[in-house]
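What follows is a single structure, written as structure tokens, with notes after it.
Nothing in this text is a laboratory measurement; each read-out follows from the coordinates by a stated rule. Everything numeric in this text was worked out from a predicted model, so none of it was measured. Reconstructed Cβ throughout: ideal geometry from the backbone, glycine too, with neighbour counts over all protein chains shown.
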Amino acid sequence: MAHLDRPNLRTGRVALYCRRRVDYCRRMSSTIDFGGLGSVTDLRQGTRWSAEDLARGAERTATLVRPYVAPERPHVVIAHGGTPLFFADLFGVWASGGCAVCVNPGLTAGEMSVIGEFLNPAAILTGDETGSALPDGIAALRTDRERISKFDGLGKILRSLDDPALILFTSGTTGAPKGVVHSLRSLFARIGLNRAHMGDGSLARSLCVLPTHFGHGLIGNCLTPLFAGGDLFLWPGPAMKEMVDLGATLGRQDITFMSSVPAFWRMALRLSAEPAPPCLQRIHIGSAPLSSALWQDVARWAGTDSVVNMYGITETANWIAGASLADGPAEDGLIGAMWGGCAAVLAEDGTPRRRGEGELLVQTPSLMSGYHARPDLTNSVLRDGWYHTGDTGHIDDDGRIRLVGRRKSEINKAGIKVHPEEVDLLLERHPGVAEACCFGLPDPVSGEIIGVAVTLVARRSDAPPAPAIADLRDWCRARIKAECVPDRWFVVAEIPKSDRGKVKRDAVRDHCLRQDPG
Amino acid sequence: MDDLRARARGLLADALELTADEVPDDASIDTVEAWTSLGHMRLILGIEASMATQLDAALVVGIESLDDIVSVLKGAPGQ
């Protein structure tokens, strides 16, 4: 463990707050305390679940799930989201002693099968949004429709605070899954820190437009206000026509807080009038780079300068730093000071430094336990007591962090992180593709889109014709979730490599754009 | 008219990263899978750049088909 300076007074206060939250968690570990929870409303259906409704729903889910959950088989996949039922299922899984695995309901049959084989889950909980393809041999339950003759009661949450409580997949659903594991301790440390930095007042009435299988949506935008006793309003992925009503919806529901991604705001500012009456006390924007111009435009539209550019990663239970316009002018890349824990940069000599530029390292009480069943991946990012973010940052003398680049190769498409290696490997399974290389391309709406260079298998003259791009696209759509399917395709004679034979994605992108600037 | 339709088809294909051949004559937001909300915003930016004007919000959400794009390019939406 590399040591840094003593924490300052603010960090000390936050640490005290966190210790209190952990004490609260210990008390919770005998029964779930729903008394302090807020409510959840589905804005499209118009249904509202109070804290009591959530408790009853969780009890129902726990009763249904408990016969399937065992210490050696704790995982329960929740394959739906964006509804009050989702939260009842989440809390019910915890109450059953299980570990909730929240997945994208839009996973293909193949992806769901990979998850099933990887986890061998005790059960899969379904909802209206769940795709029809579920793996064989695993109990599928629709908890709000199953018959129950006798409720078990809520019982214990988990065997200990440090048992796995939540798994979110960040990649690998077509091959080698990468599941981020959080315990109740890391989740409640994050929720406690969020509340300490945001204040419960602004969380009184929160709107979530994000998916609940994302750390940003689930932990930041939903669990934080719920455990602050606030009312949560769900409006996941509003369609274009719904976006016209964003301002009116905010005003009608008197929404005080919401979080989203820059791509959402690029659309919202074009389509919707300002909130009427002005109600937003705080806005978070994260999961993708925010330009200073868009940052200021959102503040003008919302009528508040409490617009915060957030930095968070699923591995840290989302938000770990934030910069607000209320504290200073907008700057590209500025993500402010840490919200608990500390940050450093990795100097060229391999030592962590409190100031300067390099790969951003963080220590935070909300850090994941690791990647499920992948010690190789875990050890590659958790080294010497630090989590290596893969982002390049600069930390100034006041501890403010600016992101200046990215070391990892992921593509950020409207806040959704796509791992190009995963798509390369999938495409190379196509019998007509010899080699594939994905890369990010700048896009005015999504920030980035996915470009791909493919070389086709050499064919004899009497062989069937080579696959067309449309065929390759359709083949991908059947095997990987829609957001990971490449947007722009380049069929090339050869994928350029370095003199050591390595593929450099930036060089491949430049090569493709020289051939076809678009 | 054919020129206008070809221009509309090109704008839609570019926005959705499709080839012009993949955009059928009856293309609509309900029938073309790649016509997502992000793709739609890309289409709007393309139309605006092509017409050197900014569309109002009602028109932005009113465009739902290739025919609608042709109408906008004609300067007579909905006709």
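About the Cα centre of chain A, what is the dipole size in debye to 20, counting +1 per Lys and Arg Cβ and -1 per Asp and Glu Cβ, all else neutral? Walk me through the intermediate numbers first.
Values: 58 positive and 59 negative charges, 170 e Å.
For chain A, the charge dipole is close to 820 debye.
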Exercise. Quick one: grab the alpha carbon gyration tensor of the range A:335-379, order the square roots of its eigenvalues as a ≥ b ≥ c, and give me rounded if a/c is under 1.5, else prolate or oblate depending on whether a/b is larger than b/c.
Key: oblate
Quiz item: Mind listing the phi-derived Karplus ³J(HN,Hα) values for the range A:318-330, rounded to whole Hz, using 6.51, -1.76 and 1.60 with θ = phi - 60°, and x for any glycine or proline?
Solution: 6, 3, 10, 8, x, 10, 9, 4, 5, 9, x, x, 6
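Within a 10 angstrom radius of the beta carbon, how do A:Asp297, A:Asp89, A:Asp499 rank from fewest other beta carbons to most?
A:Asp499, A:Asp297, A:Asp89
Note down the relative contact order for the range A:29-151 as a percent, whole number, built from C-alpha pairs under 8 angstrom at least six residues apart. Show your work: numbers first, answer last.
Values: 205 pairs, mean separation 31.5, N = 123.
26 percent.
Among A:Thr351, A:Thr316, A:Thr170, what is the fewest-to-most ranking by other Cβ atoms within 10 Å? Write out the running numbers ahead of the final one.
Working: A:Thr351 12, A:Thr316 27, A:Thr170 18.
Fewest to most other Cβ atoms nearby, the residues stand as A:Thr351, A:Thr170, A:Thr316.
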Quiz item: What residues have an amide H closer than 5 Å to that of A:Gly370, excluding those fewer than 5 places away on the same chain, when H is modeled at 1.01 Å from N in the peptide plane?
Solution: A:Val181
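So what is the relative contact order for chain B, in percent, with contacts set as C-alpha pairs under 8 Å and at least six apart? Write down the numbers at each step before the final one.
Numbers: 65 pairs, mean separation 27.9, N = 79.
Relative contact order, chain B: 35 percent.
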Quiz prompt | Exposure proxy order (Cβ contacts within 10 Å, fewest to most) of A:Tyr311, A:Tyr68 | solution = A:Tyr68, A:Tyr311
Self-check item: Relative contact order (%) - criterion: Cα under 8 Å, at least six apart; region: chain A
Solution: 11
Quiz item: Say the dipole of the range A:335-386 comes from +1 at the beta carbon of Lys and Arg and -1 at that of Asp and Glu; which of A:Val362, A:Val381, A:Trp339 then lies farthest toward its positive end?
Solution: A:Trp339
Quiz item: Residue by residue through the range A:376-391, which ³J(HN,Hα) values in whole Hz follow from phi under the Karplus form 6.51 cos²θ - 1.76 cosθ + 1.60 (θ = phi - 60°), with glycine and proline marked x?
Solution: 4, 5, 4, 5, 6, 10, 9, 9, 6, x, 10, 8, 8, 6, x, 9
Quiz prompt | Nonlocal Lys pairs with alpha-carbon distance under 29 Å, chain A (8 or more apart, or different chains) | solution = 27
Exercise. May I ask you to derive the FRET efficiency for A:Asp327 and A:Arg459 from their Cβ-Cβ distance with R0 = 41 Å, giving the value to the nearest 0.05?
Key: 0.10
Quiz item: If one puts a single equal scatterer on every Cα of the range A:479-518 and applies the Debye formula without solvent, what log₁₀ I(q)/I(0) results at q = 0.14, 0.23, 0.26, 0.27 Å⁻¹?
Solution: -0.40, -0.84, -0.93, -0.95
Quiz item: Taking amide hydrogens as modeled 1.01 Å from N in the peptide plane, which residues meet the under 5 Å criterion relative to A:Ser39, leaving out close sequence neighbours?
Solution: A:Asp231, A:Leu232
Exercise. Please report, in Å, the Rg and the Dmax of chain A, where both are computed over Cα atoms only.
Key: 23.1, 76
Practice problem: For the range B:21-28, just list the computed ³J(HN,Hα) in residue order, Karplus coefficients 6.51, -1.76 and 1.60, θ = phi - 60°, integers in Hz, with x standing in for Gly and Pro. | Solution: 5, 7, 9, x, 4, 9, 4, 9
Quiz prompt | Sequence-distant residues sharing a close amide H with A:Ile78 (under 5 Å, placed H) | solution = A:Val101, A:Cys102, A:Val103, A:Leu125
Quiz item: Using the Cα gyration tensor of the range B:16-77, with a ≥ b ≥ c the square roots of its eigenvalues, what is the shape: rounded (a/c below 1.5), prolate (a/b larger than b/c) or oblate (neither)?
Solution: prolate
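Which value results when the Cα radius of gyration for the range A:421-512 is divided by 2.2 N^0.38 Å? Walk me through the intermediate numbers first.
On the way: Rg = 13.4 Å, N = 92, 2.2 N^0.38 = 12.3 Å.
Here the Cα radius of gyration is 1.09 times the empirical estimate.
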Quiz item: Of the listed peptides A:268-275, B:37-44, what is their order by residue-averaged count of other C-beta atoms within 10 Å, with the highest listed first?
Solution: B:37-44, A:268-275
Quiz item: Once the dipole of the range A:49-139 is set up with Lys and Arg at +1 and Asp and Glu at -1 on Cβ about the Cα centre, which of A:Val114, A:Ile124, A:Val93 lies farthest towards its positive end?
Solution: A:Val93
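If you place +1 on the Cβ of every Lys and Arg, -1 on the Cβ of every Asp and Glu, and leave all else neutral, what size is the dipole of the range A:217-338 about its Cα centre, to the nearest 20 Debye? Kindly include the intermediate steps, with their values, before the conclusion.
Working: 6 positive and 11 negative charges, 49 e Å.
The calculation lands at about 240 debye.
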